[in-house]
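Below is one structure, written out as structure tokens; comments come after it.
The values are calculated or read from the model by the stated rules, or taken from the named source; none is laboratory data. Please read all numbers here as calculations on a predicted model, not as lab measurements. With ideal geometry, Cβ positions are generated from the backbone for all residues, glycine too; neighbour counts draw on all protein chains shown. For the accessible areas, the whole protein counts, side chains as well, though only heavy atoms, and no ligand, DNA or RNA atoms are used. Shrake-Rupley method; radii C 1.70, N 1.55, O 1.52, S 1.80 Å.
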Amino acid sequence: MPNGTILLIDDEAMLRQAIARTLELDGYTVLQAPDAHRGLQALREHADEVLVVLSDVKLPDGRGLDLLPRYKALAPLAEVVLMTAYGTIADGVRAMKEGAFDYLTKGDADEQLSVVVDRAADKARLQRRVADLEKKVGAQYSFDSMIGHAPALEQAKRVAQQVALTDATVLLEGPTGAGKELFAQAIHQGSPRRRKPFVAVNCSAFPKDLLESELFGYKKGAFTGALTDKKGQFEEASGGTLFLDEIGELEAGAQAKLLRALETQEFIKLGDSRPTKVNVRLVAATNRNLRQEADAGHFRPDLYYRLSVVVIGVPPLSARRADVPALALFFAQQFAVKLRQRPLTFSPEALRALETYGWPGNVRELKNVLERASILTPPNHALAVDDLPVEIQLAAAPMASVSDDPRTLRNVEKQHVQRILLECGGNKTEAARVLGVAHTTLYRKIQEYGL
């Protein structure tokens, strides 16, 4: 199998042919050019294929050192190796500083040339894999990847796309499970910082006395158990974006330190005496009304105003119910891949029931419902209303029939409990877990319905 493509630029025909033969024996495809003009033309035409540019320093129409930036501009993921018959240390140092992979003297053994080209090709392949992954991540977390076209969602996306191009601090407000982190990722991927780290911290996941050291780090010996220096998440995110979810959980001391870090882009680690400088863009999220929290004295007003340069309201799923069918189909496809099975299909009534339900748990709740349905629904069976959790069935039940027949709600719940018990093989503990109720509640229902 070919190792890849090498572009060889050298005006000495016999030497060029000899080097090309050596590289071809190593499994490479070699493109040849006798001068800079034809070399640049070949690189322009084959930039997506070329892993390594192997160029003479002295060409009839240019010098390799001066051409180096043009090689890198045409093929930024390729590596450049320069060759010369009269190498100097100064030229070698300059070549490496300007981005050359290596600087070789002509006449070196074929083995050395092969080793250098192999190493350069390996690095180029790695760079291409990283670039491919970045493209996939960027596509996954782009604004275009957000499913739905409800007006509330489109408005939030428009504001987020505008602010993404800046370094402005963003505060995302919305209920738990609405997709605030997805918005934060999209803002990062749509920004000039996209190639730098995106670091997410859930402020509610750490004890209040440990959150400050998690954010800002500490020096060895700062406290009992601090056996080594630790970088904080601010430092890890330098150059990129730091996402602080549930920022309302920050205690007063951490709020003060965060405010100063945002204002000055520097902070002092626990146990240190010198400031650490960073370059961080902050995106914060909360499911609380931080303005009310600040007015009530539960959150620093000055930090709130620093965070709320741009406030984006991420809409709950109840405000975009028309998007529910598209989201349901997307999650069905996603879980089909995960479970290695055919995608779940839906009856029209089931899709209408999903759209009717209020979704207090938002997109996260919908995703969980679809994962459970993908696992439990038999193959070749379209998801029906009776297969959905009882609260969704109740929301879908016509109000007229409920008022005409008070037994309707009871019958729906009874059938649902009975079906879950059957699916769990009579295991009441498992059935209670699936239903999301306490054991005592399930036992009472079993007795009440005579199951």
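Descriptive notes on the structure:
- Expressed as a whole percent, the accessible surface of region 253-388 that belongs to carbon and sulfur atoms is 52, based on a 1.4 Å probe.
- Here the dipole of region 1-70 is about 80 debye; that uses its Cα centre as origin and unit charges on the Cβ of Lys and Arg (positive) and Asp and Glu (negative).
- Nearest-20 debye value, region 316-394 charge dipole, Cβ charges on Lys, Arg, Asp, Glu: 340
- Sequence-distant residues sharing a close amide H with ALA200 (under 5 Å, placed H): PHE243
- Under a model in which nothing but the beta-carbon of Lys, Arg (+1) and Asp, Glu (-1) is charged, the chain shows a dipole of about 880 debye around its Cα centre.
- Among the DSSP helices (H) of the chain, those spanning at least 27 angstrom by Cα along their long axis with an average Kyte-Doolittle hydropathy of -1.0 or more are 110-140; this is a geometric and hydropathy rule only.
- Amide H contacts of GLY4 (H built 1.01 Å from N, under 5 Å, at least 5 apart or other chain): THR29
- The Cα-based radius of gyration of the chain, divided by its Kirkwood radius, gives an Rg/Rh of 1.12.
- Where only DSSP H runs of four or more residues are counted, the chain gives -15500 deg cm²/dmol as its mean residue ellipticity at 222 nm, each run worth -39500 (n - 2.57).
- Beta bridges per DSSP, both residues in the chain: antiparallel share near 15 percent.
- Computed E for ASN427/VAL115 - FRET, C-beta separation, R0 60 angstrom, nearest 0.05: 0.45
- Cut-off under 5 Å, modelled amide H: who pairs with ILE268 long-range: THR276
- Length available on full extension from ALA252 to LYS208: 0.36 nm per residue minus the Cα-Cα distance, which gives 14.9 nm.
- 3J(HN,Hα) couplings calculated from phi for region 5-11 with the Karplus curve 6.51 cos²θ - 1.76 cosθ + 1.60 (θ = phi - 60°) are, in sequence order, 10, 10, 9, 10, 10, 7, 7 Hz; Gly and Pro show x.
- 3J(HN,Hα) from dihedral phi, region 272-278, Karplus parametrisation 6.51/-1.76/1.60, rounded to Hz, x for glycine, proline: 10, 10, 10, x, 9, 8, 9
- Within region 1-72, percent of DSSP bridges classed antiparallel, to nearest 5: 15
- ASP295-ASP66 FRET efficiency (beta carbon distance; Förster radius 45 Å; 0.05 resolution): 0.10
- Extension reserve of the ALA168-SER142 stretch, reckoned as 0.36 nm per residue once the Cα distance is removed: 7.5 nm
- Cβ-Cβ distance of GLU154 and ARG364, R₀ of 25 Å, FRET efficiency by 1/(1 + (r/R0)^6): the value works out to about 0.75.
- Full extension of the chain between VAL337 and ARG129 gives 72.6 nm of extra length, using 0.36 nm per residue less the Cα-Cα distance.
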